[in-house]
Amino acid sequence: MARKRKTPQRLCLGCRTLKNKRELLRVVRTPQGEIELDTSGKKSGRGAYICPNITCWQEALKNKGFEKSLRTSIPVDIMRLIKEKLGEE
């Protein structure tokens, strides 16, 4: 009998719900200390996940979820890039 594979679950910074990793956007702090939007989900570094909707993004900004999770301040241009990505979907 074949074993069922587990799907990785991650917590959204905005709505604080567990969802499949592939459904969320990943923001990563690389080992060099740069903050990037990780579209592949495979970049090395510390990751923070958020649902692809604007309300979760606003909630994560309000409660400083990105700063807490990535343990650093987030540049304005990266926040703008995330908001643009959310606007596309």
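Computed from the coordinates by the stated procedures, all read-outs in this text should not be read as laboratory data. Remember, it's a predicted structure, so these values are computed and weren't measured experimentally. Cβ coordinates were reconstructed from backbone atoms using ideal geometry, including for glycine residues, and neighbour counts include every protein chain displayed.
At-a-glance table
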quantity: Cross-link table Lys43/Lys85; Lys42/Lys85; Lys62/Lys83; Lys4/Lys42; Lys6/Lys42, entries beyond 20 Å C-alpha to C-alpha; calculated: Lys4/Lys42
quantity: Fluctuation leader among Gly14, Gly41, Gly33 - the chain, Gaussian network, Cα springs under 10 angstrom; calculated: Gly33
quantity: Footprinting exposure proxy for Val76, Val27 (fewest neighbouring C-beta atoms within 10 Å first); calculated: Val76, Val27
quantity: Order of Leu70, Leu25 - criterion: other Cβ atoms within 10 Å of each residue's Cβ, fewest first; calculated: Leu70, Leu25
quantity: Dipole magnitude of the chain, debye to nearest 20 (Cβ charges: Lys/Arg +1, Asp/Glu -1, about Cα centre); calculated: 700
quantity: Mean projected area in nm² (Cα convex hull; one quarter of hull surface) for the chain; calculated: 6.5
quantity: Hz values of 3J(HN,Hα) by residue in region 10-17 - Karplus curve (6.51, -1.76, 1.60), Gly and Pro given as x; calculated: 9, 9, 6, 5, x, 8, 6, 10
quantity: Positive-pole candidate from Ala48, Leu81, Leu11, dipole of region 9-88, charges at beta carbon; calculated: Leu11
quantity: Which of Ser40, Ser69 has the fewest Cβ neighbours within 10 Å, and the rest in rising order; calculated: Ser40, Ser69
quantity: Sequence-separation-based contact order of the chain, relative, with Cα cut under 8 Å and 6+ spacing, percent; calculated: 27
quantity: MRE, 222 nm, helices only [DSSP H, n ≥ 4, -39500 (n - 2.57), over the chain, to nearest 500]; calculated: -9000 deg cm²/dmol
